[in-house]
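*Asks:* Take this structure first; my questions come after.
What follows draws every value from the coordinates through simple rules; no lab data is involved. All figures in this text were calculated on a predicted structure; none of them were measured in a lab. Methodologically, a virtual Cβ is constructed for each residue, glycine included, from the backbone with ideal geometry; neighbour enumeration extends over all protein chains shown.
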Amino acid sequence: MKTIFKLLIIAILFSSCQEQKKIGFINNGDVIDNYQMKKDIEANYKIRNEVFTKRMDSIDREFQVEVKAFQLAQSKMSQKTAQEKYNELGQKNQQLTQSFQQNQAVLQQGYNKEMDSVIKTVNAFVRDYGKTNGYAFILGQNEVGSSVIYGEEASDLTKIITDALNAEFNIKDEISEKGK
């Protein structure tokens, strides 16, 4: 019995002497919102959206001029000719609306794909950071459905990871710029 007790105490001491793995957490939203890659993508899509909107507004103005011209000339047309022109304008309006929606969907899909890439990049970086720095767990915190309700400030890795992520992105961006 004494031997079992001694072995148990030795096992407890041995296990307590082993390196304790750390647990940390990040605020997912803050890391992603402050990641330069995401900011660059958003700026790029903001410009692309503005160009798209201006192009669509220009096409819409041209169409409205065509409609006004029809309205002014309608009284001088035969009913059959006016009806044909009215149907033609309705069909053109429908085509313009469909084209607008399709182009907008393509723009949105591209944005969503790039944002998915940002999230995958952040997740991979956090995994590597955790492995490299001896973390057993790095938990994610967000506004809705958080896995971290409370965490000591010392365990909050949000700023550390955001800074390291941006530093890595800036190095890759500089290398990319030199290659051009």
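*Asks:* Give me the pairs: first residue in the range 129-143 and under 18 Å from N166 (Cα atoms), second residue hydroxyl-bearing (S, T, Y), beta-carbon distance under 8 Å, and six or more apart or on different chains, which are they?
*Replies:* From residues that are under 18 Å from N166 (Cα atoms), the pairs are Y129/Y135.
*Asks:* Taking the condition of being surrounded by 14 or more Cβ atoms within 10 Å (Cβ to Cβ) and either under 26 Å from F52 (Cβ atoms) or touching a Leu at 6+ places or on another chain (Cβ under 6 Å) (or both), how many residues in the range 78-101 meet it?
*Replies:* Residues meeting the conditions: 4.
*Asks:* List pairs: first residue in the range 97-109 and closer than 16 Å to S58 by Cα, second residue in a helix (DSSP H, G or I) and among the aliphatic types (A, V, I, L, M) anywhere in the structure, Cβ distance under 6 angstrom, at least six positions apart or on different chains.
*Replies:* Close Cβ pairs (under 6 Å, with a partner that is in a helix (DSSP H, G or I) and among the aliphatic types (A, V, I, L, M)) amount to F100/M56.
*Asks:* Let me ask something else. In the range 156-171, what count of residues is obtained for those that are buried (at least 18 other Cβ atoms within 10 Å of the Cβ) and outside any helix (DSSP H, G or I)?
*Replies:* Going through the range 156-171 one residue at a time, the tally reaches 1.
*Asks:* So if I check each of I161, I138, which one is under 11 Å from I26 (Cβ atoms) and in contact with a Gly (Cβ under 7 Å, 6 or more places away or on another chain)?
*Replies:* Values: I161 fails: in contact with a Gly (Cβ under 7 Å, 6 or more places away or on another chain).
Answer to the selection: I138.
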